[in-house]
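J.: Handing you a structure now.
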Amino acid sequence: EAGVVQSPRYKIIEKKQPVAFWCNPISGHNTLYWYRQNLGQGPELLIRYENEEAVDDSQLPKDRFSAERLKGVDSTLKIQPAELGDSAVYLCASSFGETQYFGPGTRLLVL
Amino acid sequence: AQSVTQLDSQVPVFEEAPVELRCNYSSSVSVYLFWYVQYPNQGLQLLLKYLSGSTLVESINGFEAEFNKSQTSFHLRKPSVHISDTAEYFCAVRTSYDKVIFGPGTSLSVIP
């Protein structure tokens, strides 16, 4: 069974530029999560989807971050414009039940 | 509000020695408990989980954790560590409201 797929794995951009991350969850997993992990810290939830619906986006900085999950499968997370403080690893996870399965993450560096 | 505490940010231990990584949580509702491991430049991998039933849970690579409701703890232990166990370990709590909270992580370094 294929795991959670994320791309790109690494991204370097200059501040004020836009950036997008893509996630393909495990087949059949209706719940999808986007997390941000800063260096030396645990993951922090940005947004959670149940199928196409964003059921928890309370921690998503909506002035610059947006996400979508069309058709309830793949998802994209966008930052526009990026700031220096957005440098982090962005993790996607999916679940069907209590356990989340994580992708390898996208490491973002904003210069 | 729920929270997860991992008191030890770094734990160095000699190869073949025992190790315990501590995790405490606060929650007013029932929880599920997880330990994830993260190797360098990789995503988080599930190590073990407690959902219900026996309070002692084990992983396939020799780790175990015990859910202690009275002490609100879920400490991770291994009787003899290997070099390959060097990684970051995260404790996580999931409530019945589907909120998942991660601890700050403990960096385990196994010394040859």
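The values are calculated or read from the model by the stated rules, or taken from the named source; none is laboratory data. This one's a predicted model, so the numbers in the text were calculated from it and none came from an experiment. Glycine also receives a Cβ, built like all others from the backbone with ideal geometry; neighbour counts cover every protein chain displayed. Just so you know, the surface numbers come from the protein's heavy atoms only, side chains and all, with ligands and any DNA or RNA stripped out. Shrake-Rupley method; radii C 1.70, N 1.55, O 1.52, S 1.80 Å.
J.: Tell me the relative contact order for the stretch B:1-71 as a rounded percent, counting alpha carbon contacts under 8 Å between residues six or more apart.
T.: 21
J.: Something else: First compute the accessible area of chain B with a 1.4 Å probe, then give the percent of it belonging to carbon and sulfur atoms.
T.: 51
J.: Springs between alpha-carbon atoms under 10 Å, Gaussian network over chain B: tell me which of B:Glu64, B:Glu15, B:Glu88 tops the mean-square fluctuations.
T.: Largest GNM mean-square fluctuation: B:Glu15.
J.: Using a 1.4 Å probe on the protein heavy atoms, what percent of the accessible area of chain A belongs to carbon and sulfur?
T.: 50
J.: Hey, another quick one. Compute the accessible area per residue over chain B, keeping the other protein chains in place, probe 1.4 Å, unit Å².
T.: 49
J.: For chain B, modelled as a GNM with alpha-carbon contacts under 10 angstrom, which of B:Ser70, B:Ser26, B:Ser80 fluctuates the most?
T.: Result for chain B, Cα springs under 10 Å: B:Ser70 fluctuates most.
J.: Now for a different question. If you count only protein heavy atoms with a 1.4 Å probe, what accessible area per residue comes out for the stretch A:5-110, rounded to a whole Å²?
T.: It amounts to 48 Å² per residue over the stretch A:5-110.
J.: Binning every alpha carbon pair distance of the protein assembly as shown at 10 Å from zero, what are the percents per bin?
T.: 8, 33, 35, 20, 5, 0
J.: What whole-number value in cubic angstrom gives the convex hull volume per residue for the C-alpha atoms of the stretch A:5-110?
T.: Enclosed volume per residue, from the Cα hull, is 90 Å³.
J.: Another question about this same structure. Between B:Ala17 and A:Glu98, what FRET efficiency comes out of the Förster formula 1/(1 + (r/R0)^6) with R0 = 41 Å and r the beta carbon distance, rounded to 0.05?
T.: The pair A:Glu98/B:Ala17 has a calculated efficiency of 0.80.
J.: Another question, then. Below 24 Å Cα-Cα, how many Lys pairs turn up in the protein assembly as shown? Only count pairs eight or more apart in sequence, or on different chains, if you could.
T.: 16
J.: Over chain B, with a Gaussian network built from C-alpha contacts below 10 Å, which listed residue (B:Ile83, B:Ile60, B:Ile101) shows the highest mean-square fluctuation?
T.: B:Ile60
J.: Post the alpha-carbon centroid distance, the stretch A:6-22 to the stretch A:87-102, in whole angstrom.
T.: When both Cα centres are located, 18 Å separates them.
J.: Efficiency by 1/(1 + (r/R0)^6): what FRET value for A:Thr76 and A:Asp56, r their Cβ-Cβ distance, R0 = 22 Å, to the nearest 0.05?
T.: Efficiency at R0 = 22 Å is approximately 0.80.
J.: According to a simple spin-label model (label point 7 Å from Cα along Cα-to-Cβ), what is the distance in nm between B:Ser26 and B:Thr72?
T.: Once both label points are built, they end up 0.6 nm from each other.
J.: Let me ask something additional. Using a Förster radius of 25 Å, what is the FRET efficiency between B:Thr5 and B:Glu64 based on their Cβ-Cβ separation? Nearest 0.05, please.
T.: Taking R0 as 25 Å, the efficiency between B:Thr5 and B:Glu64 is 0.80.
J.: Share of antiparallel DSSP beta bridges in the stretch A:5-110, in percent to the nearest 5?
T.: Roughly 90 percent of the beta bridges in the stretch A:5-110 run antiparallel, per DSSP.
J.: If you average the sequence gap of Cα pairs under 8 Å that are 6 or more apart and divide by the length of the stretch B:15-112, what percent do you get for the contact order?
T.: After rounding, I find 35 percent.
J.: Based on the alpha-carbon gyration tensor of chain B, what equivalent-ellipsoid semi-axes (square roots of 5 times the eigenvalues) come out, in whole Å, largest first?
T.: The answer is 23, 14, 12 Å, longest axis first.
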